[in-house]
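K.L.:
Encoded as structure tokens, here's the structure I'll be asking about.
The values are calculated or read from the model by the stated rules, or taken from the named source; none is laboratory data. Remember, predicted model here, so these are calculated numbers, not experimental data. In this analysis, Cβ positions are derived from the backbone assuming ideal geometry, glycine residues included, and neighbour counts consider all displayed protein chains. Accessible surface is based on the protein model in full, side chains and every heavy atom, while ligands, DNA and RNA are left aside. Shrake-Rupley method; radii C 1.70, N 1.55, O 1.52, S 1.80 Å.
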Amino acid sequence: MSKNIKTISNPKIKLEVLTQDDVKKIHEATLQIIEKVGVRFPSKRALEIWAANGADVDYEKKIVRVKPQIIEDAIKKAPPAYKLAARDPQQDLQLDGNHVNLGTDGCGVEILDINTGEKRTSCLQDVRDIARVADATEEVAFHWVSLSAQDTPVESRGLHELKAVWENSTKHVQTESVYNVEEAKAAIEMAAILAGGKGNIRERPMLSLMQCTAPPLGHDGGSLDAALLAAEVGIPTGFMTMAACATTGPITLAGDLAVGNAEVIAGTALLQLAFPGAPVFYAAAQTASDLRNGSYTGGGPEDFLFGAATNILADFYNIPLSMGAFATGAKEPNWQAGLEGGLSSFMASVVMSDMLLGCGFLHGSRIWSFAEMMMDCEIFSIVHKMMQGIVVNEETLAMDAIAAVGPGGHYLGQKHTRKHMRELFMPQFMDRRPYSEWETKKDDARDWALAKARKTLKEHQPDPLDAKISAEFEKIIKSVEKK
Amino acid sequence: MLEELYKEMAQSIIDGDSDISAELAQKAVELKMHPLDAITNGFVVGVTYIGDQFGKGEAFLPELVMAGEAMKAAIAVLEPELLKLGESREMLGRVVLATVEGDIHEIGKTLVGTMLSASGFEVIDLGVDQPADKIIGKALEVNANLIGMSALLTTTMVRQREVIEELDKEGLRPRIKVMVGGAPITKDWVDKIKADGYSEDAIGAVKVAKQLVGKE
Ligand code: B12
């Protein structure tokens, strides 16, 4: 465990939602899609890279069709494991297949105000506050830039957000909010300053970049160009598919996996063709669409199955995975939010997804709630505990204690009990009190979670970022704004 | 016999079968049926049925979308005949719809388009990543009375304002009304940019559109 970070490792629970044969079929379907149907790459730079590497490029439609061999060879160049660096090196994260690292959710647009509880538009101060609270929790291993700083200029917004997180936390930062060339260049400059030079980014990447694919079977131009810039300097970069059954993907789960896989694998191959060995990751938040209103469900059984299936695919390609979890359509922290957070995080963790996104959101990744964040963290802790499984050995079989207590009596007075009692899970937010106590207070998990967030925000002081670095960041941001 | 044919027409829409609906429309032409009779007594009955079922939660989006496609296929055959007679279908209004420049989120906009057409609007869907001049240009070209703009990013919602400002500058409002939508769009934003209407979902979008064209 790194300093102040709880990650899941050495799992004792296993789940096989896809057999090796299933994976092979999905892989073959994927290659066939990329070769025959093609994938859209609306970026001049991307199309040129494809053409130079023997792909069939339709410049007018911006669709690329690629022979399986080219894709397979390219993917093999991706490093299977690497680390995400943190400002505090003791908080570096291993993406090695044996760690599940929790991140916050990101890029939301509204927040339930921590003091008033009212829903309002997100601003820069919110990004700072969330970073600070996340810095203090041991469950959150890295940040996804949580909210959109809507009180900052559009052209530099993604940079203000990055600066805000780095200034308020020593943990690794991943962003989804940098999706054009200008901001990507500036973000790389910022990462270079933190790493002590552009050449050091590869060794100490304190920033990683996530870009969405554009399902079905496409990419976004700005996202592609930003990803290429990042991959070039060794910033870990991933493409996330959100292909959703019925709207942007086939209605059947296997078909949806194949479409999403084709998007991610084609995008990843592009990065490897351009910069062999660049650290890349697979990212996914596949789900189903609601048949009545088309909304992105971000929950439900299909979502949970995707959560467990995707790491099997990422393992097959031997690259780390960032898996969307904790998404919920719930409007407040309630039954639905708990259920969806619980099952999605469990299913994605049990297969050892390297990065687990993301705690804190309601209403389909749109509204931040501090209470939800804290309760999601507790869910992660429960999953963490479950993944340790049941240890069976002489000590845990407790034969001495069993003999000492005999039939009848209790174990409360046993040394063995005292020795192991802290191994039992101690919830922070579960109600196990007498009924009458609840009746007089009528409070619950949401109140306690919010209280904890408020206390943390008030008390926690993260190690500050060097003022000189802050000033340099400011200069970089200003230069983007002047343009 | 005529009743039978009307029923088949409605059924082709309910089944979402564009081949059959086009075939039946062709048959209507051959039988020298008045195109508006075929539309009103036949095909529209199917659309209304699916719409009602959808409203009750018993039909699903794919059925609605496919009914819309089947309707389009029938209209494509009947419209030229109607023009020959010097007549046209009565529509509730003409809407130019787009996702704004820099934004590629498509589904919400498309669903709004589907619901609008199912409710009797003529919809010209420009697609995603559409700059202001394209949107306004198209609206002028087709003489639209409504522009619908979708934006799902906080960085692209400002484009909605640009379009509205441009329309105002050219004195094109209130002739062209503007409605907006998308994940970050709030009532406050709508007031701030002085849009004429907004909705959080596609069914609401139809209500707003009807109000804006004075058909509610
Ligand atoms: C699916 C999705 C995508 C898909 C879209 C696929 C496609 N082909 O359309 C993909 C994967 C491409 C995508 C990409 C990105 N996305 Co996105 N995406 C979503 C998601 C999860 C759901 C959107 C959706 O389809 N909903 C279903 C439809 C039915 O609902 P809807 O769009 O809201 O539309 C309804 C209403 O809003 C309304 N409406 C919509 N338009 C209109 C128009 C009018 C006139 C009216 C009246 C009503 C109306 O009616 C619709 C029907 O009910 C949202 C989160 C969310 N829950 O909204 C994020 C979200 C919008 N995306 C987000 C982001 C950041 C991105 C990316 C920038 C990420 C990246 N770095 O690559 C890119 C965008 C690149 C670009 N330049 O556009 C953020 C945006 C917030 C912000 N801070 O700006 C969100 C909120 C998620 C998040 N928290 O990260 N995304």
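K.L.:
How long, wide and thick is segment A:215-284, going by the Cα atoms along their three principal axes, in whole angstroms, largest first?
P.N.:
38, 21, 15
K.L.:
Here is a follow-up. With a ≥ b ≥ c the root eigenvalues of the C-alpha gyration tensor of segment A:334-380, is it rounded (a/c under 1.5), prolate (a/b larger than b/c) or oblate? List each step's numbers first, then the result.
P.N.:
Numbers: a/c = 1.87, a/b = 1.63, b/c = 1.14.
The shape class here is prolate.
K.L.:
Hey, got the average number of other protein chain Cβ atoms within 10 angstrom for residues in A:286-298? Walk me through the numbers before you get to the answer.
P.N.:
Working: counts 0, 0, 0, 4, 2, 7, 8, 6, 13, 4, 3, 0, 0.
Average per residue, whole number: 4.
K.L.:
Between helix B:61-84 and chain B, what is the angle of the helix's C-alpha long axis to the longest principal axis, kept within 0 to 90° and rounded to the nearest 10?
P.N.:
Relative to chain B, helix B:61-84 is tipped by roughly 70 degrees.
K.L.:
If you place +1 on the Cβ of every Lys and Arg, -1 on the Cβ of every Asp and Glu, and leave all else neutral, what size is the dipole of the protein assembly as shown about its Cα centre, to the nearest 20 Debye?
P.N.:
1640 debye
K.L.:
Size of the dipole of chain B about the Cα centre, Lys and Arg at +1 and Asp and Glu at -1 on the beta carbon, nothing else charged, in debye to 20?
P.N.:
With only Lys, Arg, Asp and Glu charged at Cβ, the dipole is about 760 debye.
K.L.:
Hey, another quick one. So what does the Cα-only Debye profile of segment B:1-157 read at q = 0.11, 0.16, 0.20 Å⁻¹, as log10 I(q)/I(0), no solvent term?
P.N.:
-0.49, -0.91, -1.19
K.L.:
By a straight-distance test (C-alpha under 22 Å), which lysines pair with A:Lys331 as possible cross-link partners, with residues fewer than eight away in the same chain excluded?
P.N.:
A:Lys119, A:Lys442, A:Lys452, B:Lys187
K.L.:
Taking every residue in A:99-109, how many Cβ atoms of other protein chains lie within 10 Å of its Cβ, on average?
P.N.:
Partner-chain Cβ atoms within 10 Å, mean over residues of A:99-109: 1.
K.L.:
Where the centre of each part is set by its Cα atoms, how far does segment A:63-92 sit from segment A:445-483, in angstrom?
P.N.:
30 Å
K.L.:
Residues in segment A:10-30, backbone N under 17 Å from the label point at A:Thr252 (7 Å along the Cα-to-beta-carbon vector): list them, ranges by number please.
P.N.:
So the set is A:18-19, A:21-30.
K.L.:
Let me ask you something else. Which is farthest toward the positive dipole end of the protein assembly as shown among A:Pro427, B:Gly181, A:Ala284, measuring Cα position about the Cα centre, with Cβ charges +1 (Lys, Arg) and -1 (Asp, Glu)?
P.N.:
Among A:Pro427, B:Gly181, A:Ala284, the one farthest towards the positive end of the dipole of the protein assembly as shown is A:Pro427.
K.L.:
Which parts of segment A:144-165 would a label at B:Glu165 reach, counting a residue when its backbone N lies under 13 Å from a point 7 Å out along Cα-to-Cβ?
P.N.:
Under 13 Å, as judged by backbone N against the label point of B:Glu165, lie A:154 of segment A:144-165.
K.L.:
For chain A, find the longest principal axis of its Cα atoms and tell me its angle to the long axis of helix A:157-168, 0 to 90°, nearest 10.
P.N.:
40 degrees
K.L.:
Going by the alpha-carbon gyration tensor, a ≥ b ≥ c the square roots of its eigenvalues, is segment B:6-52 rounded (a/c under 1.5) or, if a/c is not under 1.5, prolate (a/b greater than b/c) versus oblate?
P.N.:
On the way: a/c = 2.87, a/b = 1.46, b/c = 1.97.
Since a/c reaches 1.5 but b/c is at least a/b, the shape of segment B:6-52 is classed as oblate.
K.L.:
Could I ask something else about it? Dipole of segment A:79-143, Cα-centred, from +1 at each Lys and Arg C-beta and -1 at each Asp and Glu C-beta, to the nearest 20 debye?
P.N.:
160 debye
K.L.:
Counting Lys and Arg as +1 and Asp and Glu as -1, what is the net charge of the other residues whose Cβ lies under 12 Å from the Cβ of A:Trp438?
P.N.:
Working: positive: A:Arg432, A:Arg433, A:Lys441, A:Lys442; negative: A:Asp431, A:Glu437, A:Glu439, A:Asp443, A:Asp444, A:Asp447.
Around A:Trp438, the surrounding residues sum to -2.
K.L.:
Still on this structure, I have one more. Considering the dipole of segment A:56-112 built from charges on the beta carbon (Lys and Arg +1, Asp and Glu -1) around the Cα centre, which of A:Ala81, A:Leu112, A:Val57 is farthest to its positive end?
P.N.:
Farthest towards the positive end: A:Val57.
K.L.:
Next up: Nearest 10 degrees is fine. How inclined is helix A:467-482 to the longest principal axis of chain A, computing both from alpha carbons?
P.N.:
Taking the Cα atoms of chain A, the angle to A:467-482 is about 40 degrees.
K.L.:
Can you pull the one-decimal nm distance between simple spin-label points at A:Lys478 and B:Asp19, each 7 Å off the Cα toward Cβ?
P.N.:
6.8 nm
K.L.:
Follow-up question, since we're still on this one. Find the all-direction average of the projected area of the Cα convex hull for the protein assembly as shown, expressing the result in square nanometres with one decimal place.
P.N.:
Result: 37.5 nm².
K.L.:
Another question, if that's okay. List the GluC sites (Glu not before Pro) in segment B:1-62 that DSSP assigns to loop (not H, G, I, E or B) and whose Cβ has at most 14 other Cβ atoms within 10 Å. Which are they?
P.N.:
Passing sites in segment B:1-62 are B:Glu58.
K.L.:
Also, quick follow-up: Going by amide H atoms built from the backbone, whose H comes under 5 Å of the H on A:Cys359, apart from near neighbours?
P.N.:
Those lying under 5 Å, H to H, from A:Cys359 are A:Gly103, A:Thr104, A:Asp105.
K.L.:
For A:Glu35, A:Glu394, give me the order by solvent-accessible area with a 1.4 Å probe, most accessible first, ignoring ligands, DNA and RNA.
P.N.:
Sorted descending by solvent-accessible area, the residues read A:Glu394, A:Glu35.
K.L.:
If packing is taken as the average count of other Cβ atoms within 10 Å, what order do A:102-115, B:9-22, A:368-381 fall into, highest mean first?
P.N.:
So the peptides A:102-115, B:9-22, A:368-381, ranked by packing, come out A:368-381, A:102-115, B:9-22.
K.L.:
Please identify the trypsin sites (Lys or Arg not before Pro) of segment A:13-118 that satisfy two criteria: DSSP loop assignment and at most 16 other Cβ atoms within 10 Å. Which are they?
P.N.:
Those satisfying the criteria are A:Lys14, A:Lys61, A:Lys77.
K.L.:
Right, something else. Among A:137-146, A:217-226, B:181-190, A:463-472, how do they line up by average Cβ neighbours within 10 Å per residue, starting with the highest?
P.N.:
Ranking the peptides A:137-146, A:217-226, B:181-190, A:463-472 by packing returns A:137-146, A:217-226, B:181-190, A:463-472.
K.L.:
Provide a whole-number value for the mean count of partner chain Cβ atoms within 10 Å of the Cβ atoms in peptide B:179-186.
P.N.:
Per residue, the average neighbour count from other chains is 3.
K.L.:
Along the three principal axes, how long is segment B:2-84 when you take its alpha carbons, biggest first, rounded to the nearest angstrom?
P.N.:
39, 22, 19
K.L.:
For segment A:348-472, count all C-alpha to C-alpha pairs, find those more than 22 Å apart, and express that count as a whole percent of the total. Mind showing how you got there, number by number?
P.N.:
Numbers: 4861 of 7750 pairs.
For segment A:348-472, the share of Cα pairs beyond 22 Å comes to 63 percent.
K.L.:
Also, I was wondering about something else. How far apart, in nm, are the 7 Å Cα→Cβ label points at B:Thr186 and A:Ala52?
P.N.:
4.6 nm
K.L.:
If I take R0 = 51 Å and measure r between the Cβ atoms of A:Glu72 and A:Val392 in this structure, what FRET efficiency does the formula 1/(1 + (r/R0)^6) give, to the nearest 0.05?
P.N.:
Approximately 0.75, to the nearest 0.05.
K.L.:
Can you list residues whose amide H is under 5 Å from A:Thr237's amide H, if they're 5+ apart or on another chain and H is modeled 1.01 Å from N?
P.N.:
Long-range HN contacts for A:Thr237: A:Leu209, A:Val280, A:Phe281.
K.L.:
In what sequence, largest accessible area first, do A:Val391, B:Val100 appear using a 1.4 Å probe?
P.N.:
A:Val391, B:Val100
K.L.:
First check a/c for segment B:93-212, with a ≥ b ≥ c the square roots of the eigenvalues of its C-alpha gyration tensor; if it is under 1.5, answer rounded, and if not, answer prolate when a/b is larger than b/c or oblate otherwise.
P.N.:
In terms of gyration-tensor shape, rounded.
K.L.:
Within the protein assembly as shown, what whole-number % of the accessible surface is contributed by carbon and sulfur, with the 1.4 Å probe and all protein chains included in the calculation?
P.N.:
54 percent
K.L.:
Just subtract the alpha-carbon distance of A:Glu203 and A:Gln428 from 0.36 nm times their residue separation and send over the number in nm, one decimal.
P.N.:
Length gained, A:Glu203 through A:Gln428: 77.2 nm.
K.L.:
How many nm separate the modelled label positions at B:Val158 and B:His34, each set 7 Å beyond the Cα in the direction of the Cβ?
P.N.:
Modelled inter-label distance: 5.5 nm.
K.L.:
Go ahead and run the numbers for FRET between A:Lys455 and A:Arg418, Cβ-Cβ distance against an R0 of 25 Å, rounding to 0.05.
P.N.:
Calculated transfer efficiency: 0.25.
K.L.:
Oh, and also: Please sort B:111-117, A:158-164, B:63-69 by packing, taking for each peptide the average over its residues of neighbouring beta carbons within 10 angstrom, highest first.
P.N.:
Details: B:111-117: 23.7, A:158-164: 26.6, B:63-69: 21.1.
Per-residue Cβ counts within 10 Å, averaged per peptide and sorted highest first, yield A:158-164, B:111-117, B:63-69.
K.L.:
Check segment B:2-84 and count each lysine pair with an alpha-carbon distance under 25 angstrom, considering only pairs eight or more places apart or from different chains.
P.N.:
Number of lysine pairs found: 10.
K.L.:
Quick check on the protein assembly as shown: helices-only [θ] at 222 nm, where DSSP H runs of length 4 and up contribute -39,500 (n - 2.57) each and the sum goes over total residues. Nearest 500, please.
P.N.:
So the helix-based figure for the protein assembly as shown works out to -14500 deg cm²/dmol.
K.L.:
At a Förster radius of 60 Å, what calculated FRET efficiency corresponds to the Cβ-Cβ distance of A:Asp151 and A:Ala401, to the nearest 0.05? Present the calculation step by step, with values, prior to reporting the outcome.
P.N.:
Values: r = 60 Å, r/R0 = 1.00.
The pair A:Asp151/A:Ala401 has a calculated efficiency of 0.50.
K.L.:
Could I ask something else about it? How much accessible area is lost when chains A and B come together, counting both sides, with a 1.4 Å probe, in Å² rounded to the nearest 100?
P.N.:
Using a 1.4 Å probe on protein heavy atoms, the buried area is about 1400 Å².
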